[in-house]
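What follows is a set of notes on a single structure, which appears directly below.
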């Protein structure tokens with residue numbers, strides 16, 4: 001039997017793999033569609049950082065290539081049309097609009113053996129509602145730190161179920177797939193894709209063992225169905241640091257990592273933050 005590498009080796013291997021996957025981009029890809037991210041040019045960065053709001057929700061504002069950009073996460077249920085943000089800079093406020101295009105996501109039909117995960121009991125529903133309040137509060141966090149938006153794939157495996165799939169469990173319609181699945185085996189290491197702070201960790205009814213990381217300015221990532229959690233709430237993590245191991249906890253059909261990315265409180269496609277694969 002091959003021995004398990006120590007934590008230092010795991011950290012180094014994770015860092016190397018993540019560095020190789022990063023590419024050169026720092027901004028997410030502009031995708032003004034439901035479930036996408038609008039990257040909005042706010043002008044040169046030779047002045048103090050502007051601020052941006054969508055309604056009353058603050059937006060991440062990051063600097064890249066000598067310019068400021070606002071990042072707007074677009075909810076999956078957004079209809080085609082225009083969204084307006086308000087930008088405050090140099091003492092003045094102006095409006096910028098983003099045209100939202102149509103995107104049709106395919107269906108996915110899955111069979112779940114644990115029927116409680118499809119038809120929860122009254123006790124389960126009470127637990128689920130509590131957990132939804134907890135996760136909603138996490139997703140709405142907004143701290144002033146500018147995030148590193150060049151995210152790396154947090155586990156070494158092929159991408160399987162893509163973001164936005166319209167899901168049916170045991171023939172019953174459910175919410176769309178609000179994350180990206182990485183096909184890895186039980187116990188595969190899961191790494192932080194960028195620096196941040198662990199703001200929640202625990203065991204959830206649907207999501208199983210889960211870790212949430214706050215990267216700053218409303219960029220939150222989550223790692224679900226873990227078999228093991230190796231970090232603590234409040235802990236600072238760096239790119240490539242081990243968060244835990246992939247598993248099959250919660251509502252699953254088998255071991256994998258479910259990776260979710262949230263911007264301004266809404267789930268967006270994690271692939272937009274990854275360096276494009278060759279040939280993609």
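Do we find a residue being on the phi > 0 side of the Ramachandran plot, assigned to a loop (DSSP other than H, G, I, E, B) and modelled with pLDDT under 95 anywhere in the stretch 10-22?
No: the stretch 10-22 contains no residue that is on the phi > 0 side of the Ramachandran plot, assigned to a loop (DSSP other than H, G, I, E, B) and modelled with pLDDT under 95.
So, in the stretch 249-280, how many residues would count as being touching a residue at least 12 places away in the same chain (Cβ under 8 Å), part of a loop (DSSP other than H, G, I, E, B) and more than 25 Å from residue 137 (Cα to Cα)? Before you say what the answer is, go through the steps one by one.
Of all residues in the stretch 249-280, those touching a residue at least 12 places away in the same chain (Cβ under 8 Å) come to 249-253, 255-276.
Those left that are additionally part of a loop (DSSP other than H, G, I, E, B): 249-253, 255, 264-265, 269, 274-276.
Now narrow it down to the ones that are more than 25 Å from residue 137 (Cα to Cα): 253, 255, 274-276.
Adding up the residues that qualify gives 5.
Within 21 Å of the chain's Cα centre (by Cα) and not assigned by TED's automatic domain parsing to the domain that holds residue 219 - does that describe any residue in the stretch 78-92?
From the stretch 78-92, those within 21 Å of the chain's Cα centre (by Cα) are 78; that's our starting set.
Now narrow it down to the ones that are not assigned by TED's automatic domain parsing to the domain that holds residue 219: 78.
Yes: one or more hits.
Select from the stretch 154-174 the residues that are in a strand (DSSP E or B) and either outside the structural domain of residue 247 (by TED's automatic domain parsing) or touching a residue at least 12 places away in the same chain (Cβ under 8 Å) (or both) and write down the one among them that is nearest to residue 246 (Cα to Cα).
Pass one, the stretch 154-174, residues in a strand (DSSP E or B): 159, 166-169, 172-173.
Applying the additional criterion that residues be either outside the structural domain of residue 247 (by TED's automatic domain parsing) or touching a residue at least 12 places away in the same chain (Cβ under 8 Å) (or both) yields 159, 166-169, 172.
Details: 159: 14, 166: 24, 167: 22, 168: 24, 169: 22, 172: 27 Å.
Per the criteria, the residue is 159.
Restricting the stretch 187-218 to residues that are within 12 Å of residue 155 (Cβ to Cβ) and in a loop (DSSP other than H, G, I, E, B), which is farthest from the chain's Cα centre (by Cα)?
So in the stretch 187-218, the residues within 12 Å of residue 155 (Cβ to Cβ) come out as 187-193.
With in a loop (DSSP other than H, G, I, E, B) added as a condition, the list becomes 187-188, 192-193.
Working: 187: 21, 188: 19, 192: 11, 193: 10 Å.
Of everything passing the filter in the stretch 187-218, 187 is farthest from the chain's Cα centre (by Cα).
If residue 151 passes every condition in (1) at pLDDT below 95; (2) surrounded by 14 or more Cβ atoms within 10 Å (Cβ to Cβ); (3) assigned by TED's automatic domain parsing to the domain that holds residue 268 but one, which one does it miss?
Every listed condition holds for residue 151 apart from (1).
Quick grid of which residues meet (1) out of contact with any helix residue (DSSP H, G or I) (no Cβ under 9 Å at 6 or more places or on another chain); (2) in the same structural domain as residue 142 (by TED's automatic domain parsing); (3) modelled with pLDDT of 95 or more; (4) at negative phi:
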residue	(1), (2), (3), (4)
223	yes, yes, yes, yes
226	yes, yes, yes, yes
229	yes, yes, yes, yes
236	yes, yes, yes, yes
242	no, yes, yes, yes
249	yes, yes, yes, yes
252	no, yes, no, yes
269	yes, yes, yes, yes
278	yes, no, no, yes
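So, of the residues in the stretch 175-186 that are closer than 18 Å to residue 245 by Cβ and assigned to a loop (DSSP other than H, G, I, E, B), which turns out to be nearest to the chain's Cα centre (by Cα)?
It comes out as 179.
Of the residues 178, 126, 101, which single one is at negative phi and without any contact (Cβ under 8 Å) to a residue 40 or more places away in the chain? Spell out the reasoning first.
Details: 178 fails: without any contact (Cβ under 8 Å) to a residue 40 or more places away in the chain; 101 fails: without any contact (Cβ under 8 Å) to a residue 40 or more places away in the chain.
Answer to the selection: 126.
Specify the residue that is farthest from residue 49 (Cα to Cα); the eligible residues are those in the stretch 85-98 that are surrounded by 10 or more Cβ atoms within 10 Å (Cβ to Cβ) and touching a residue at least 24 places away in the same chain (Cβ under 8 Å). Give the steps one after another, and end with the answer.
Residues of the stretch 85-98 surrounded by 10 or more Cβ atoms within 10 Å (Cβ to Cβ): 85-89, 93-94, 96-98.
Subset that is touching a residue at least 24 places away in the same chain (Cβ under 8 Å): 85-89, 96, 98.
Details: 85: 16, 86: 14, 87: 11, 88: 9, 89: 7, 96: 16, 98: 21 Å.
Restricting to residues being surrounded by 10 or more Cβ atoms within 10 Å (Cβ to Cβ) and touching a residue at least 24 places away in the same chain (Cβ under 8 Å), the top hit is 98.
How many residues are at positive phi and surrounded by fewer than 16 Cβ atoms within 10 Å (Cβ to Cβ) when one looks only at the stretch 158-175? If you could, list the steps in order and put the result at the bottom.
First pass over the stretch 158-175, keeping only residues at positive phi: 164, 170-171.
After this cut, where a residue has to be surrounded by fewer than 16 Cβ atoms within 10 Å (Cβ to Cβ) as well, the list is 170-171.
So the count comes out to 2.
Between 149, 143, which is in contact with a helix residue (DSSP H, G or I) (Cβ under 8 Å, 6 or more places away or on another chain) and part of a loop (DSSP other than H, G, I, E, B)?
Working: 143 fails: in contact with a helix residue (DSSP H, G or I) (Cβ under 8 Å, 6 or more places away or on another chain).
Step by step, each of 149, 143 is checked, and only 149 is in contact with a helix residue (DSSP H, G or I) (Cβ under 8 Å, 6 or more places away or on another chain) and part of a loop (DSSP other than H, G, I, E, B).
The values are calculated or read from the model by the stated rules, or taken from the named source; none is laboratory data. The structure displayed is predicted, hence computed values, not measured ones. Positions of Cβ are generated from backbone atoms using ideal geometry, with glycine treated the same way; all protein chains shown enter the neighbour counts.
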